[in-house]
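Here the structure is laid out as structure tokens; the discussion comes afterwards.
The values are calculated or read from the model by the stated rules, or taken from the named source; none is laboratory data. Because the structure is predicted, anything quoted here is derived from the model rather than measured. Quick reminder, even Gly has a Cβ in these numbers, built from the backbone with ideal geometry, and neighbours come from all protein chains shown.
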Amino acid sequence: MASIEMNNIVKKYGDGFPAVNDVSLDIADGEFMILVGPSGCGKSTLLRMIVGLEDITSGDMVIGGKRVNDLAPRDRNLSMVFQNYALYPHMTVYENIAFPLRLSKTPDDEVRRRVTEASDVLELEEHLERKPANLSGGQRQRVAMGRAIVRQADAFLFDEPLSNLDAKLRGQMRTEISRLQRRLGITTVYVTHDQTEAMTLGDRVCVLRKGKIQQVASPRELYEQP
Ligand code: ADP
Ligand code: ADP
């Protein structure tokens with residue numbers, strides 16, 4: 001686990017107006033932070049700079065006390081869950097979840113132990129031999145989360161993970177993500193434009209507008225404000 005510290009982060013694409021404009025934000029070890037704001041406010045860009053998928057124009061990104069500006073994504077030990085799941089269609093659920101461990105050449109018995117543990121938590125035990133095409137949207141989402149938790153990363157990053165699901169499933173998954181995060185106590189950054197997710201999931205909510213932080217507060221503080 002690790003804290004995430006952003007100091008005066010700026011991102012410019014080309015020579016346009018900065019997509020992220022001097023953002024400083026400290027996310028504590030184990031904290032669940034929501035990034036919220038209208039489309040185009042810089043949420044995804046900020047998340048991608050944490051993961052290392054986007055270069056930082058200026059400022060410092062510090063994860064677990066270490067400056068990571070120049071570290072490749074694979075050297076950051078973070079797990080990202082995308083909106084479109086990004087599962088491998090030709091692999092079973094088991095192999096999809098195991099994939100990050102295969103990449104890091106984890107021994108088979110350790111792979112089995114960790115995939116079993118993850119599929120337990122996510123209630124996927126009965127589906128391990130199935131292919132993604134034969135799963136419901138919610139089950140696919142859970143496989144994507146399984147792949148994220150199996151790595152025992154320092155932090156989880158979610159980019160609008162529920163936006164393609166119907167309302168009922170979204171409610172269910174919200175509860176699951178919340179339960180999972182509390183159970184694992186893992187630092188989490190979660191991008192959404194959904195008010196309900198923002199107000200129910202996080203310990204704190206960071207409201208972005210035009211690349212700047214407008215406010216950082218707990219859901220309760222946001223709720224009670226006039
Ligand atoms: P979202 O709002 O869900 O983040 P977008 O539709 O804004 O998705 O962006 C989808 C993809 O297009 C992203 O990978 C983003 O980097 C890229 N993108 C967004 N805006 C621009 C732009 N002005 N020029 C080039 N690529 C862009
Ligand atoms: P959000 O996730 O809040 O919708 P983004 O981070 O996707 O916002 O985008 C922030 C701003 O940066 C937008 O103006 C978008 O068009 C621009 N942008 C995003 N990705 C790119 C890109 N790859 N190239 C150029 N501009 C981009």
Options Ala2, Ala19; residue that is modelled with pLDDT of 95 or more and among the small types (Gly, Ala, Ser): Ala19
Would you tally the residues in the range 54-81 being of a type outside the set (Val, Ile, Thr), surrounded by 14 or more Cβ atoms within 10 Å (Cβ to Cβ) and within 13 Å of ligand 2 (Cβ to nearest atom)? 1
Mind checking whether some residue in the range 28-48 is farther than 19 Å from Gly185 by Cα and more than 15 Å from ligand 2 (Cβ to nearest atom)? no
Considering the range 8-27, residues that are small (Gly, Ala, Ser) and in contact (Cβ under 8 Å) with a residue 60 or more places away in the chain, and then whichever is farthest from ligand 2 (Cβ to nearest atom), we arrive at Ser24
Determine if the range 206-221 includes at least one residue that is closer than 24 Å to Asp120 by Cα and free of Cβ contacts under 8 Å to residues at least 40 places away in the same chain. no
Run Thr92 past the list (1) surrounded by 14 or more Cβ atoms within 10 Å (Cβ to Cβ); (2) within 14 Å of ligand 2 (Cβ to nearest atom) and report the number of the one that doesn't hold. (2)
Given the conditions (1) at positive phi; (2) in contact with a Lys or Arg (Cβ under 8 Å, 6 or more places away or on another chain), and given that Gly65 satisfies all but one, which numbered condition is not satisfied? (2)
Residue pairs, Cβ under 8 Å, 6 or more apart or interchain, first in the range 121-137 and closer than 18 Å to Arg170 by Cα, second in a loop (DSSP other than H, G, I, E, B). List them. Gly137/Asn164; Gly137/Leu165; Gly137/Asp166
Residues of the range 54-91 classified as β-branched (Val, Ile, Thr) and either within 16 Å of ligand 1 (Cβ to nearest atom) or under 16 Å from the mean Cα position of the chain (by Cα) (or both), total: 4
Only listed residue being under 23 Å from Ser79 (Cβ atoms) and touching a Phe, Trp or Tyr at 6+ places or on another chain (Cβ under 8 Å), chosen from Ile34, Ile27, Ile4: Ile34
For Tyr190, work out the one condition from (1) in contact (Cβ under 8 Å) with a residue 24 or more places away in the chain; (2) surrounded by fewer than 19 Cβ atoms within 10 Å (Cβ to Cβ) it doesn't fulfil. (2)
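Quick grid of which residues meet (1) under 22 Å from Arg182 (Cα atoms); (2) modelled with pLDDT of 95 or more; (3) basic (Lys, Arg):
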site: Lys12; (1), (2), (3): no, yes, yes
site: Asp15; (1), (2), (3): no, no, no
site: Leu25; (1), (2), (3): yes, yes, no
site: Cys41; (1), (2), (3): no, yes, no
site: Asp55; (1), (2), (3): no, yes, no
site: Phe82; (1), (2), (3): yes, no, no
site: Met91; (1), (2), (3): no, yes, no
site: Ala98; (1), (2), (3): no, yes, no
site: Glu110; (1), (2), (3): no, yes, no
The residue that is farthest from Leu78 (Cα to Cα), considering only those in the range 131-147 that are in contact with a helix residue (DSSP H, G or I) (Cβ under 7 Å, 6 or more places away or on another chain) and among the charged types (D, E, K, R), is Arg140
Here are Ser3, Ser24, Ser39: which of them is of a type in the set (S, T, N, Q) and surrounded by 17 or more Cβ atoms within 10 Å (Cβ to Cβ)? Ser3
